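Report on the following structure.
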Amino acid sequence: MSFVPPRIAPPAKPLNRLAFIAAFVRNPLSVVPQAAYDGDLVAVMRGRTPIVWITAPAMIKTVLLDEREKFLKLAQIRLLGPLLGKGILTSEGADWKWQRQASAPMFRPQELAGFVPTFVRAAERVIAGWRAQSGAVQPVDRCMTEATFEVISATLLPSADERMPQAVERSTGLFQRSGAWGQLYAVANLPTWLPQPGRRSMARAVGALRAAVAALIAERRAHPRTKDDLLHRLMHARDPESGQSMNDEQLVDNLLTFYLAGHETTAKALTWTLYLLARSPEWTRALEEEIARVTGGAEIAAGHIEQLVLTQQVLKESMRLYPPVPLMTRQAVADTRLGDHPIRAGSSVVMPIYAIHRHAKRWEDPDAFDPARFAPQREAAIPRYQYMPFGAGPRICIGMGFAMMEATAMLATLLRHARFAPVAGREPAPVARVTLIPGGGMPLRVSVRP
Ligand code: HEM
């Protein structure tokens with residue numbers, strides 16, 4: 001039942017400087033050397049900055065948990081800060097802590113259950129579009145982005161007018177396109193005065209987007225409603241320690257953070273999962289049977305999510321092979337060590353989740369699609385820092401519960417109505433942008449049941 005889907009062929013040795021830049025801009029994952037997939041740590045000098053890739057769970061735990069005050073998110077803040085300000089994703093220290101604590105209650109499971117009908121409606125709208133041309137090839141990656149965008153808009157800001165989603169989409173697109181350059185400049189810590197492709201058009205789009213969100217918040221302040229969307233909850237969130245609430249600048253930062261962090265990622269998880277299921281008729285059948293048994297043929301409801309065990313196993317295995325966030329980076333701010341290796345202050349420490357999830361010595365048959373690895377009793381034996389699609393430590397994804405519930409409800413809804421088949425000669429290549437995208441898109445043949 002298992003097979004090996006497309007993978008990146010890592011370079012046998014770290015690339016020299018010019019080859020590194022050329023390959024990084026095409027696909028930042030393609031510079032991660034073989035030794036990261038079968039060793040613990042690889043270090044190279046690039047520009048002024050040592051770049052260190054780590055894949056050993058003990059080292060990752062040091063960076064994300066035990067010595068986290070020595071490893072900060074400076075590259076991410078530099079890359080995303082112009083858009084997301086000092087929101088939860090792009091702040092550090094006390095600034096981060098209180099925003100995280102204030103937002104955490106919004107993501108409790110009991111709060112999220114009420115969103116399930118929204119997830120189901122978004123998936124059903126996609127099906128309605130496909131039904132008109134059942135059997136045709138569909139751009140599944142684009143359809144999933146539209147659907148998760150609809151979800152995040154409906155849960156964050158159901159009352160926003162049309163211009164807002166359009167502005168978010170425009171600036172996300174620019175970020176994806178100039179993303180690799182931005183990542184290179186940030187990870188190699190290149191000087192900010194150096195011209196960077198796409199920087200000016202991005203600055204214009206970001207300015208327009210932040211202004212649109214600020215206007216929306218001002219409108220909401222002027223005409224408060226009781227509507228219980230996420231913006232409402234964010235405006236009323238209080239730090240449990242100090243009682244502090246967010247000012248308008250912080251509301252813009254966090255609203256945009258949830259918009260951007262909260263839809264592309266889930267869209268990519270669904271896109272890669274549908275591809276894997278298209279290649280695996282056995283797992284497709286197993287999921288169809290599970291869904292029929294759990295729901296009795298009815299629409300997916302909040303009470304079904306926990307019982308869709310195989311469906312969640314497939315999602316987890318899909319995020320192992322194709323983690324929606326393929327690379328996580330921190331900058332060392334003090335001289336320290338990881339294992340026997342000295343780490344200089346200023347080093348970029350990259351945790352390539354994609355390589356961690358395919359490590360030759362830690363996974364059996366690492367490149368094969370085998371959702372049975374996540375059967376409940378086997379999943380419990382996987383070490384914490386060896387499987388981490390949502391990150392780990394105190395900065396683990398705050399939207400993890402939301403994303404799992406959304407992906408499960410949407411995947412089950414799609415499978416209730418449709419079957420997917422690969423298109424010959426159109427194998428997708430994994431490419432790291434901010435998220436892991438299928439290079440060349442994800443065309444799949446979709447048959448919708450009458
Ligand atoms: C399959 C879907 C998703 C994946 C794979 C994912 C992955 C991640 C990862 C790996 C991180 C850690 C980044 C780091 O430490 O450098 C993260 C952080 C974050 N994610 Fe997600 N995410 C997903 C969905 C969501 C959703 C739905 C939301 C919100 C609605 C969200 C909001 C956030 C925020 C705010 C952070 C920053 C947390 C902090 O720094 O305290 N994510 N996510």
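The values are calculated or read from the model by the stated rules, or taken from the named source; none is laboratory data. All values derive from a computational prediction rather than experimental measurement. Counting neighbours? That spans all protein chains shown, and the Cβs are built from the backbone with ideal geometry, glycine included. Each accessible area value is taken on the protein alone, full model and side chains, heavy atoms only, with ligands, DNA and RNA left out. Shrake-Rupley method; radii C 1.70, N 1.55, O 1.52, S 1.80 Å.
Would you kindly work out the equivalent ellipsoid of the chain from its C-alpha gyration tensor and give its semi-axes, the square roots of five times the eigenvalues, largest first in whole Å?
In descending order, the three semi-axes are 32, 29, 21 Å.
Hey, can you find the accessible area per residue of the chain for me, probe 1.4 Å, expressed in square angstrom?
Per residue, the chain has an accessible area of 41 Å².
Using a basic spin-label model with each label point 7 Å from the Cα along Cα→Cβ, how many nm lie between residue 334 and residue 299?
Once both label points are built, they end up 5.5 nm from each other.
Just the accessible area for residue 92, please: 1.4 Å probe, Å², rounded to the nearest 10?
Its accessible surface works out to 50 Å², give or take rounding.
Based on the alpha carbons, how large is the Rg to Rh ratio for region 270-346 when Rh follows Kirkwood?
1.28
Give me the accessible area of residue 131, 1.4 Å probe, in Å² rounded to the nearest 10.
Accessible area, nearest 10 Å²: 110 Å².
Please work out how much length the chain gains when fully extended from residue 364 to residue 134, using 0.36 nm per residue of separation minus the C-alpha to C-alpha distance, in nm with one decimal.
79.0 nm
By its C-alpha gyration tensor, with a ≥ b ≥ c as the square roots of the eigenvalues, how is region 1-47 shaped: rounded for a/c under 1.5, else prolate for a/b larger than b/c, else oblate?
oblate
Roughly how much of residue 341 is accessible, in Å² to the nearest 10, using a 1.4 Å probe?
Surface open to solvent at residue 341 totals about 60 Å².
Between residue 429 and residue 203, what is the label-point separation in nm under the 7 Å Cα-to-beta-carbon projection?
That separation, rounded to one decimal, is 3.3 nm.
Using a/c under 1.5 as the rounded threshold, could you call region 254-300 rounded, prolate or oblate? The axes a ≥ b ≥ c are square roots of the C-alpha gyration tensor eigenvalues, and prolate needs a/b larger than b/c, oblate otherwise.
Because a/c hits 1.5 or more and a/b fails to exceed b/c, region 254-300 counts as oblate.
Would you rank 397, 143 by solvent-accessible area, highest first, keeping every protein chain in place and using a 1.4 Å probe?
397, 143
If you wrap a convex hull around the Cα atoms of region 370-450, how much volume per residue is inside, in Å³?
150 Å³
Does region 211-348 come out rounded, prolate or oblate, given a ≥ b ≥ c as the square roots of the eigenvalues of its C-alpha gyration tensor, rounded meaning a/c under 1.5 and, failing that, prolate meaning a/b above b/c?
In terms of gyration-tensor shape, oblate.
Efficiency by 1/(1 + (r/R0)^6): what FRET value for residue 13 and residue 223, r their Cβ-Cβ distance, R0 = 41 Å, to the nearest 0.05?
0.10
Enumerate the residues in region 267-283 having an amide nitrogen under 18 Å from the point lying 7 Å beyond the Cα of residue 421 toward its Cβ.
From region 267-283, the list is 274-283.
How far apart, in nanometres, would the label points at residue 25 and residue 233 be if each is projected 7 angstrom from Cα along the Cα-to-Cβ direction?
4.2 nm
Expected output is a single nm value to one decimal: the length gained when fully extending between residue 341 and residue 121, i.e. 0.36 nm times separation in residues minus the C-alpha distance. What is it?
Once the chain is fully extended between residue 341 and residue 121, it gains 74.1 nm.
Show the residues, 5+ positions off or on another chain, whose built amide H is closer than 5 Å to the amide H of residue 439.
Placed amide hydrogens put 429, 431 under 5 Å from residue 439.
Within straight cross-link reach of residue 13, meaning Cα distance under 23 Å, which lysines are found once same-chain residues fewer than 8 apart are removed?
Partners within reach: 361.
Arrange the residues 335, 66, 367 by how much accessible surface each exposes, largest first, with a 1.4 angstrom probe.
Final ranking, largest accessible area leading: 335, 66, 367.
How would 316, 13, 86, 268 rank on accessible area, largest to smallest, probe 1.4 Å?
I get 13, 86, 316, 268, largest accessible area first.
Using only the alpha carbons, work out the radius of gyration and Dmax of region 298-400 in angstrom.
16.7, 58
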